[in-house]
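K.L.:
Got a structure for you, written out below as structure tokens; questions coming shortly.
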Amino acid sequence: MRKLFGTDGVRGTANTHPMTADMALRIGAAAGRYFRREAGGVHRVVIGKDTRLSGYMFENALTAGLTSTGMNVLLLGPVPTPAVGLMTRSMRADLGVMISASHNPAEDNGIKFFGPDGFKLSDQAEIEIEALIEAGVEPAQAGNIGRAKRIDDARFRYGERVKSSLPRDIRLEGLKVVVDCANGAAHRAAPEILWELGAEVIAMGTSPDGTNINRGCGSTQPQAAAEMVVAHGAHVGICLDGDADRVIVIDENGAIADGDQLMALLAARWSEAGQLAGGALVATVMSNLGLERFLQDRGLRLERTAVGDRYVVEAMRAGGFNLGGEQSGHIVMSDYATTGDGLMAGLHVLAAMVQTGQAASQLVRQFDPVPQLLKNVRFGAGQTPLEETGVQDAIRDAEVALNGQGRLLIRKSGTEPLIRVMAECEDDALLMRTVDQVVEAVEAATA
């Protein structure tokens, strides 16, 4: 069982266990030892980060730990998470590290790892790194300590890769696009790339100060961007999260489309073009039942995984599929990227608008979702509400009530101290009743 790693790396409140400078140094040393090849040769690790104030602290601590094991560190500065996966592979690095807590508030931070192939680590690799953290690692001899160097053009390298995922004849002239960068890692890259492709860009969330990432903006709070789209008469809005690995799209009327709708659009278009590998889309258990029905009507399959974009990617690689993602907006196009890329997915929606001549509202409402209700309950340190008898009884009663009419999903978040209670059902009253009875039981167990 992993103790430090969750569904997407190590994450928590900065300067609180496990996200302390001391732990980051130990994590860096353990990861460096794990990925360092035999003696001799060049050993490299690339490190990117988002715009959180604590990123400076963790960047330095990780660098110290990694160089202590003989790894040479290449510092990319603020870049989207997918840029780290890209550059780990292109720079022939042994390891990639992204310092980010993604969509979490500014006081949180996290550490995500990419292997030499540019993909996120497996559960087994994380377990072995945790064992090294607990045991401690032998540092390199004084003459073998690694060096650190800043890479100044990482953002531009990433931008060229993102643009190359589109057909060469696609230009965005005539499109007015609102892009919300969440005061995060793509605050410079996203507006630049859209402008270079010809769009009229209205940018917001582009003034990070270390404390405002995801605050009132971005993919988890898209209301401000929706208002901006309507106010400026824009054709579409693209909302990224703090590390730009997820996207939410807003149509010209201010309506919000989640990852399920975007995956439906891309899957249908790719299938028609003969580009959808394996005749399937990979998504998590959180994706709406309406998406599954949409795909079935077109002779396509929905392959479901556990929550977490790396589990989506693992299933894609194992099954030979090239499109997957999450309802939250992680869209993985493995022909072009090794992980979710919000900006890339947004560009492919814009490309569909250009190629079809259709408005965003016509393209990002591919199916009518089955009513779905999700509520989160926060729990305290040391609490295990899902093990409480009252909670288990409430879950069992809800499952009985929904039997044959819907589905219930209860899970502990892998990135925050939350219990997520989700249900789907055509009967709105039954939907609310079953979710509320589980939420009340969890709240009672955490009171």
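The values are calculated or read from the model by the stated rules, or taken from the named source; none is laboratory data. Predicted, not measured: the structure shown is a model, and the values here were computed from it. Positions of Cβ are backbone-derived with ideal geometry, glycine not excepted, and every protein chain shown enters the neighbour counts. For the accessible areas, the whole protein counts, side chains as well, though only heavy atoms, and no ligand, DNA or RNA atoms are used. Shrake-Rupley method; radii C 1.70, N 1.55, O 1.52, S 1.80 Å.
K.L.:
Would you check if Thr389 is in contact with a Leu (Cβ under 7 Å, 6 or more places away or on another chain) and not basic (Lys, Arg)?
P.N.:
Spelling it out, it is not the case that Thr389 is in contact with a Leu (Cβ under 7 Å, 6 or more places away or on another chain) and not basic (Lys, Arg).
K.L.:
Go through segment 227-246 and count every residue that is in contact (Cβ under 8 Å) with a residue 60 or more places away in the chain, farther than 29 Å from Phe58 by Cβ and either open to solvent by less than 10 Å² (accessible area, probe 1.4 Å) or of a type in the set (Val, Ile, Thr) (or both).
P.N.:
Final tally of qualifying residues: 2.
K.L.:
In segment 255-362, which strands (runs of 3 or more DSSP E) lie fully inside it and hold 1 or more residues that are open to solvent by 10 Å² or more (accessible area, probe 1.4 Å) and of a type in the set (Val, Ile, Thr)?
P.N.:
Hits in segment 255-362: 301-305.
K.L.:
Next up: State yes or no: is Gly390 out of contact with any Lys or Arg (no Cβ under 8 Å at 6 or more places or on another chain), under 14 Å from Thr446 (Cβ atoms) and part of a helix (DSSP H, G or I)?
P.N.:
Against the criterion (out of contact with any Lys or Arg (no Cβ under 8 Å at 6 or more places or on another chain), under 14 Å from Thr446 (Cβ atoms) and part of a helix (DSSP H, G or I)), Gly390 qualifies.
K.L.:
Test of understanding: among Lys149, Lys112, Lys163, which residue is in contact with a Lys or Arg (Cβ under 8 Å, 6 or more places away or on another chain) and within 19 Å of Gly85 (Cα to Cα)?
P.N.:
The unique qualifying residue is Lys112.
K.L.:
Among (1) more than 20 Å from Val247 (Cα to Cα); (2) β-branched (Val, Ile, Thr); (3) modelled with pLDDT of 95 or more, which single condition is Thr338 missing?
P.N.:
Among (1) more than 20 Å from Val247 (Cα to Cα); (2) β-branched (Val, Ile, Thr); (3) modelled with pLDDT of 95 or more, the lone unmet condition for Thr338 is (1).
K.L.:
Considering each of Gly198, Gly159, Gly184 in turn, give the residue that is open to solvent by less than 50 Å² (accessible area, probe 1.4 Å), in contact with an Asp or Glu (Cβ under 6 Å, 6 or more places away or on another chain) and without any contact (Cβ under 8 Å) to a residue 60 or more places away in the chain.
P.N.:
Gly198
K.L.:
Ala224 fails exactly one of the following numbered conditions: (1) touching a residue at least 24 places away in the same chain (Cβ under 8 Å); (2) not in a helix (DSSP H, G or I). What is the number of that condition?
P.N.:
(2)
K.L.:
Check segment 396-415 and report whether any residue there is open to solvent by 60 Å² or more (accessible area, probe 1.4 Å) and of a type in the set (A, V, I, L, M, F, W, C).
P.N.:
Scanning segment 396-415 turns up at least one residue that is open to solvent by 60 Å² or more (accessible area, probe 1.4 Å) and of a type in the set (A, V, I, L, M, F, W, C).
K.L.:
Of all the strands (runs of 3 or more DSSP E) wholly in segment 119-205, which have at least 1 residues that are over 23 Å from Met71 (Cβ atoms) and out of contact with any Cys (no Cβ under 7 Å at 6 or more places or on another chain)?
P.N.:
176-180, 200-204
K.L.:
In addition: Could you check segment 423-439 and list, in sequence order, the residues that are surrounded by fewer than 20 Cβ atoms within 10 Å (Cβ to Cβ) and under 27 Å from the mean Cα position of the chain (by Cα)?
P.N.:
Val439
K.L.:
Take Leu374 and decide whether it is touching a strand residue (DSSP E or B) at 6+ places or on another chain (Cβ under 6 Å) and either crowded, with 18+ Cβ neighbours inside 10 Å or free of Cβ contacts under 8 Å to residues at least 40 places away in the same chain (or both).
P.N.:
no
K.L.:
Within segment 203-226, which residues are of a type in the set (A, V, I, L, M, F, W, C) and either closer than 21 Å to Gly55 by Cβ or loosely packed, with under 15 Cβ neighbours inside 10 Å (or both)?
P.N.:
Ile213, Cys217, listed by residue number.
K.L.:
Further, regarding this structure: Here is a list of conditions, (1) touching a helix residue (DSSP H, G or I) at 6+ places or on another chain (Cβ under 9 Å); (2) surrounded by fewer than 24 Cβ atoms within 10 Å (Cβ to Cβ); (3) of a type in the set (Val, Ile, Thr), and Val249 meets all of them except one; can you say which number that is?
P.N.:
The single condition Val249 does not satisfy is (2).
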